[in-house]
Structure formats: C-alpha cells, structure tokens
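Peer 1: One structure is given below, represented as structure tokens, and several questions about it will come after.
No value in this document is a laboratory result; all are computed from the given coordinates. Owing to the predicted nature of the structure, the values given are computational and were not obtained by experimental measurement. For neighbour counting, all protein chains shown are included, and Cβ atoms are generated from backbone atoms with ideal geometry for every residue, glycine included.
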Amino acid sequence: MEVTGKKIVVLCGGSNGNHVLTADLGRREDYVVRLITRNPEKWRSAVHCREQKFFTDAYPMPPAPTWWINYSGAADEVYGWDEAAKALSGAHFVILVCPVSIHETILTDLFANLPAHPIMIGTAYGQGGFDWLARKLLKGNPRASLVTLF
C-alpha cells in the first residue's frame, strides 16, 4: 500500500501515553487518528495536553528556563475491541501504548483482524521480547507477511 496523503495511525489502549498522542497527532492535518479501547465513550471528545519544555538537555537538570505548550486534538474515530477489523482497515501504523503485560492480549486481537494490506505494528514501550512474542502469535497467520514490526 502506498502512503499518500494522510497517514492513518491506530492507537491501542486508553493509557496516558495515548492521551498525549491523541492530543498531539489529532491536531495535525496529515494524520487520521483511530483509537481502540475498552472504553470508547471516554474518548469521544477533544483531549487536552499541557507539556513542559526545557531549555537544557543536561542531567541532572540545572535550574533552567522552561516553558509550557498547550494543545488539543481528538481521535477521528474511536472503536471498541469488537470493532478492531474496522479500525485496522486502511491503516498504515498501529502503536501499542499500554502496559507490557497486556501486549499478548492486544496482539492476539489485532492479528485476528489483520487487513489485507501492509501494516506496521509496534510499541512505544519497547521492552525486549515484543518482536518474539509478535512472531510467535503471527505464526500460521496467512497475512503475517504483510506485517512489519517496530
């Protein structure tokens, strides 16, 4: 699938990390944000984020000027897990931003609903073993060759 126009990203889970990503990516014109969560009703409106920026990369951080940025964005589409196939249709990226202990459950649901086009699936919390778990769960899946893991 050629990536032209808007990039379709699917965020998995109702975590605070997805709160930030929904606000950030949801305000950008070049993204379509889809969210799959157990509680879709909580994500139907705009998400607001306040982020502190620092003028230093030194550690430990010396007293340095900081500033705050505020932004809001919303998921274009919000789905429950029973609608995972619909959420993945046409998507370019899927990002798991959730506790590592739930990766297997989420990947099992995602892999049962893989679309018939190339898709990238990864995690923002890159604990070792994500790729092994994903490969194990993809074994025997006729659409496994369409998945790129990150």
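Peer 1: Need one number: convex hull volume per residue for the chain, Cα atoms only, in Å³.
Peer 2: 132
Peer 1: Something else about it: Along Cα→Cβ, 7 Å out, is where each label goes; now give me the distance between the ones at Val100 and Trp81 in nm to one decimal.
Peer 2: If labels sit at Val100 and Trp81, their model points lie 2.1 nm apart.
Peer 1: Which lysines have a Cα less than 16 Å from the Cα of Lys139, not counting those fewer than 8 places away in the same chain?
Peer 2: none
Peer 1: Still on this structure, I have one more. Select from region 12-121 those chymotrypsin sites (Phe, Trp or Tyr not before Pro) which occupy a DSSP coil region and have at most 12 other Cβ atoms within 10 Å, ordered by residue number.
Peer 2: Answer in residue order: Phe55.
Peer 1: Further question: Given the rule -39500 (n - 2.57) for each run of at least 4 DSSP H residues, summed and divided by the residues of the chain, what is its mean residue ellipticity at 222 nm, to the nearest 500 deg cm²/dmol? Show your work: numbers first, answer last.
Peer 2: On the way: 4 runs with 34 residues, N = 150.
Estimated from H runs of four or more residues: -6000 deg cm²/dmol.
Peer 1: Follow-up question, since we're still on this one. Check cross-link reach from Lys86 to the lysines: straight Cα distance under 21 Å, and skip same-chain residues fewer than eight apart.
Peer 2: Partners within reach: Lys6, Lys7, Lys42.
Peer 1: Less than 14 Å Cβ to Cβ from Asp30, Lys/Arg counted +1 and Asp/Glu -1: what total charge do the surrounding residues give?
Peer 2: +1
Peer 1: Could you work out the longest stretch of the chain that avoids the trypsin sites (Lys or Arg not before Pro) located in DSSP loops with at most 14 other Cβ atoms within 10 Å?
Peer 2: Values: sites that count: Lys6, Arg28, Arg38, Arg44, Lys139.
It runs 45-138.
Peer 1: Here's another thing I want to ask about it. Net charge around His48, counting only other residues with Cβ within less than 12 Å of its Cβ (Lys, Arg = +1; Asp, Glu = -1)?
Peer 2: Cβ neighbours under 12 Å give a net charge of 0.
Peer 1: Let me check against my output: what whole-number percent is the relative contact order of region 27-150, with C-alpha pairs under 8 Å and at least 6 apart?
Peer 2: 23
Peer 1: Please work out how much length the chain gains when fully extended from Trp132 to Met120, using 0.36 nm per residue of separation minus the C-alpha to C-alpha distance, in nm with one decimal.
Peer 2: 2.8 nm
Peer 1: Here's a follow-up. If we count GluC sites (Glu not before Pro) as exposed when they sit in a DSSP loop and have at most 11 other beta carbons within 10 Å, what is the longest stretch of the chain that avoids them all?
Peer 2: Here the longest segment lacking exposed loop sites spans 30-150.
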